[in-house]
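The values are calculated or read from the model by the stated rules, or taken from the named source; none is laboratory data. In this text the structure is predicted, and so the values were computed from the model without any measurement. Here Cβ is always computed from backbone atoms with ideal geometry, including for glycine, and neighbour counts include all displayed protein chains. Accessible surface is based on the protein model in full, side chains and every heavy atom, while ligands, DNA and RNA are left aside. Shrake-Rupley method; radii C 1.70, N 1.55, O 1.52, S 1.80 Å.
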Amino acid sequence: MHALNMSANQDRFDDLYLYIDGEWIEAGSRDTSPVINPANGRVIGRVPHATEQDIDRALAATQKAFDIWRHTPAYDRAKVLKRTAELIRERAAHIEWLMTSEQGKAAHEARYEVASAADYFEWFAEQGKRAYGRVVPSRRPEVQQIVKRQPIGPVAAFTPWNFPAITPARKLAAALAAGCSVIIKPGEECPATALAIGRALEDAGLPKGVVQIVFGVPADISSHLIGSPIIRKVTFTGSVPVGRLLAAQAARGVKPITLELGGHGPVLVFNDADLDAAATLGAANRFRGTGQICISSTRFLVQRESLDEFTEKFVAATQALKVGDGHDPATQVGPLSNIRQVEKTKALIADAVAHGASILTGGKPIAGDGYFFEPTVLTDVPLDAQVMQEEPFGPIAIVRPFDRFEDGMAEANRLPYALGGYVFTRDAQTAIRAGDELEAGMIGINHFSMVVSELPFGGFKESGYGSEGGEEGIDNYLVTKFISQV
Ligand code: NAD
C-alpha cells in the first residue's frame, strides 16, 4: 500500500491510482491518460489505465467481497455509509477543489455537488434498513409464504465527467446499502473526485474489494466487465449511443441495466408566468455546469405574447453571468470540461446559423488557453437544425414561440428524450395539465432545483430507464425471491 497524498493542501492535486482489492495501485508500466485543468489547458495529473489482468483481479475480488458484504447486517452497512457521508463532509473543501481543478465547474457548484454526494450516502444508509420483504397469507394453513429481497450481486458502474461526485455517489450508495459489491469506472477526465470518495469509503471501514475503482479505455473495460459472468448488474450514466451499446452487451447475459442518458430539456413559459423568474432562474439553470447537465433546460418555449419581453429579460440575465476560472469565487460559469465539448458547441452553433438561426448573445469560444465559451442564446432556429435534434451539452439556449398549450406541448414532447422538463405558469390548471402531459422523468414547475437524494432521478424514452434516487433507487440492486415453506 502506498502512502496516499490527500493532504488538505489546496494547491496540490492528488496522486492518481487504480483501487483494486483494497490496494491503491500506481501507474507503473501501465498506459496513462492526461487529466487536464479546463480553465488553463494544463495537464495536472495522469490517470493509470487498468490492464486486462487488473480487471480480472478486480472481478475475482468483487465476487469474494460480495460474499462478505451481503452477509453484513444492514445496520452495520448503514454505519459505514453514514461514516462515509461524514468523512466526505469533513473533506469537502479539498474534494471541491479537486473537482473544480479537473472538471472546471464553479466553486459554488462543486460545493453543492459534494454536499449532495454526502447526502446520498446518508439517505441510502437508512434505506438499506428498509429493504423489507413480506409474509403473504397462505391458502393452506400449513404453508408459510415469504417474499424476500436480496442483493442482486456484483455491479459494474460507469459514470461520466460532468458530475464526478454525485453520479458515483448515487450508484455506490444505493448498491452498497442493498448489499452489493461494485466495480466502478468513473470518467477518465475527472478521476480524483471519485478516488476521494473511494478513500472516504475505505476510511469509513468498508471491507476491501467491496468497492473498486478502475480507469482505462472505456469500451475495453465495459465489454470486459459486462461480459463476465461475475457481474450481475450494470448501471451507466452518459450519452444515448453508449447507453444503447451497453444495453445490448448486457442483454447478451440477460443482465439488468439502469440507464441515465441524455436530454433536451423543454421549458414551457406561459403568458401568465412570472417572466422575471422564468428568465433569471432559466438563465442560471441553462448555464449552470456550462450547460453540461443532462437535465438542463435547453429549449425555452415561450407563449407568443410574452416572447419579446421574456427574450429581452433572458438575454440580459445571460449577459450578466460572470464566466471565469471556477476557483474564482465570483465565477458563475466555468469553462467547458474538455475540448470535445468546445468543438461540438461551435459546430452546433454554426449549423444552426447555416439553417437561418440568429445569435442574440454569445456564439463563440473565449480566446485564451482554457475551454471557455460565451453563454449563447439562439432564436429563429428551424426544427431541422442539429441543435433542435440532439442534446446541446454546452452553453447554448434556444428561444422559440408557441401559440396554444397543445402547440407548446407538441414541441416539448417532439424529441425522443424524456428526462428534465419545466413549466412556468401562475395558473394551477395549466400547471396540473402540463405536469401530466409533459414527457419527462423529472418536472420542475416554477423552479428548477429538484435533484436531492430522497427523490427519484431518471427518465424514459431514449433518456433511459430506472430511477436512481429516492426509495426507488435501491430497487435497482435487489432481486425478489419467493419462498414457500410447509
Ligand atoms: P461519450 O459518449 O463517448 O462518453 C460519455 C460517457 O460515457 C463518458 O463518461 C465516457 O467515459 C463513457 N463511455 C464512453 N464509451 C463507453 C463505453 N464503451 N463503455 C463505458 N463507458 C463509456 O462522449 P463524451 O464526449 O464524453 O460526451 C458526449 C455526449 O454525451 C455529451 O455531449 C452529452 O450529450 C452526453 N453525456 C451525457 C451525460 C449525462 O449526464 N447523461 C454525461 C456525459 C456526457
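What number goes with the only condition from (1) in contact with a helix residue (DSSP H, G or I) (Cβ under 6 Å, 6 or more places away or on another chain); (2) farther than 19 Å from residue 162 by Cβ; (3) more than 11 Å from the ligand (Cβ to nearest atom) that residue 276 does not pass?
Failed condition: (1).
Has region 246-254 got at least one residue that is open to solvent by less than 40 Å² (accessible area, probe 1.4 Å), at pLDDT 95 or above and within 10 Å of the ligand (Cβ to nearest atom)?
Yes, there is a match, as at least one residue in region 246-254 is open to solvent by less than 40 Å² (accessible area, probe 1.4 Å), at pLDDT 95 or above and within 10 Å of the ligand (Cβ to nearest atom).
Here is a list of conditions, (1) within 15 Å of the ligand (Cβ to nearest atom); (2) within 17 Å of the chain's Cα centre (by Cα); (3) over 28 Å from residue 374 (Cβ atoms), and residue 197 meets all of them except one; can you say which number that is?
(1)
Given the conditions (1) in a loop (DSSP other than H, G, I, E, B); (2) open to solvent by 40 Å² or more (accessible area, probe 1.4 Å), which single one is not true for residue 429?
So residue 429 meets the others, but not (1).
Looking only at region 218-241, filter to residues that are closer than 11 Å to residue 183 by Cβ and assigned to a loop (DSSP other than H, G, I, E, B); which one of those is farthest from the ligand (Cβ to nearest atom)?
The residue in question is 230.
Given the conditions (1) within 16 Å of residue 302 (Cβ to Cβ); (2) free of Cβ contacts under 8 Å to residues at least 24 places away in the same chain, report the number of the one that residue 401 does not fulfil.
Tallying (1) within 16 Å of residue 302 (Cβ to Cβ); (2) free of Cβ contacts under 8 Å to residues at least 24 places away in the same chain, residue 401 fails exactly one: (2).
Looking for whichever is open to solvent by 10 Å² or more (accessible area, probe 1.4 Å) and out of contact with any Ser or Thr (no Cβ under 9 Å at 6 or more places or on another chain) here; the options are 107, 131, 85. Which one fits?
Result of the check over 107, 131, 85: 131.
Could you look through region 14-43, keep only residues that are touching a helix residue (DSSP H, G or I) at 6+ places or on another chain (Cβ under 6 Å) and closer than 26 Å to residue 367 by Cα, and pick out the one that is surrounded by the most Cβ atoms within 10 Å (Cβ to Cβ)?
So, considering only residues that are touching a helix residue (DSSP H, G or I) at 6+ places or on another chain (Cβ under 6 Å) and closer than 26 Å to residue 367 by Cα, the one surrounded by the most Cβ atoms within 10 Å (Cβ to Cβ) is 37.
Write out, first by first residue and then by second, each pair whose Cβ atoms fall under 6 Å of each other, whose residues are 6+ apart or on separate chains, and whose first residue, in region 335-360, is away from the ligand (no atom under 16 Å from the Cβ) while the second is among the charged types (D, E, K, R).
357/380; 358/380
Yes or no: residue 313 open to solvent by 10 Å² or more (accessible area, probe 1.4 Å) and without any contact (Cβ under 8 Å) to a residue 24 or more places away in the chain?
no
Has region 329-344 got any residue that is among the hydroxyl-bearing types (Ser, Thr, Tyr) and touching a strand residue (DSSP E or B) at 6+ places or on another chain (Cβ under 6 Å)? Even if it seems obvious, please write down each step before you answer.
Initially, region 329-344 is screened for residues among the hydroxyl-bearing types (Ser, Thr, Tyr), giving 331, 337.
Narrowing the set further to residues that are touching a strand residue (DSSP E or B) at 6+ places or on another chain (Cβ under 6 Å) leaves none.
Taking every residue of region 329-344 in turn, none turns out to be among the hydroxyl-bearing types (Ser, Thr, Tyr) and touching a strand residue (DSSP E or B) at 6+ places or on another chain (Cβ under 6 Å).
Any idea which residue in region 202-213 is farthest from the ligand (Cβ to nearest atom), counting only those that are among the hydrophobic types (A, V, I, L, M, F, W, C) and crowded, with 24+ Cβ neighbours inside 10 Å?
206
Given (1) within 16 Å of the ligand (Cβ to nearest atom); (2) buried (at least 24 other Cβ atoms within 10 Å of the Cβ); (3) outside any loop (DSSP other than H, G, I, E, B), where does residue 283 come up short, assuming only one miss?
(1)
Could you tell me which residue of region 467-479 is surrounded by the most Cβ atoms within 10 Å (Cβ to Cβ), considering only residues that are part of a loop (DSSP other than H, G, I, E, B) and out of contact with any Gly (no Cβ under 7 Å at 6 or more places or on another chain)?
By that ranking, first place goes to 469.
Step by step: first the residues of region 255-273, then only those that are surrounded by fewer than 23 Cβ atoms within 10 Å (Cβ to Cβ) and more than 30 Å from residue 425 (Cα to Cα), then the one that is farthest from the ligand (Cβ to nearest atom). Which residue is that?
256
Considering only region 442-466, state which residues are open to solvent by less than 40 Å² (accessible area, probe 1.4 Å) and either of a type outside the set (A, V, I, L, M) or in contact with an Asp or Glu (Cβ under 6 Å, 6 or more places away or on another chain) (or both). Talk me through it step by step, then tell me what you get.
As a first pass, look at region 442-466 and keep what is open to solvent by less than 40 Å² (accessible area, probe 1.4 Å): 442, 444, 448, 450-451, 453, 457-459, 463-464, 466.
The answer is 444, 448, 453, 457, 458, 459, 463, 464, 466.
At least 2 residues that are closer than 18 Å to residue 172 by Cβ and of a type in the set (Asp, Glu) in each: list the helices (runs of 4 or more DSSP H) lying fully within region 40-152 that qualify.
It comes to 74-90, 107-128.
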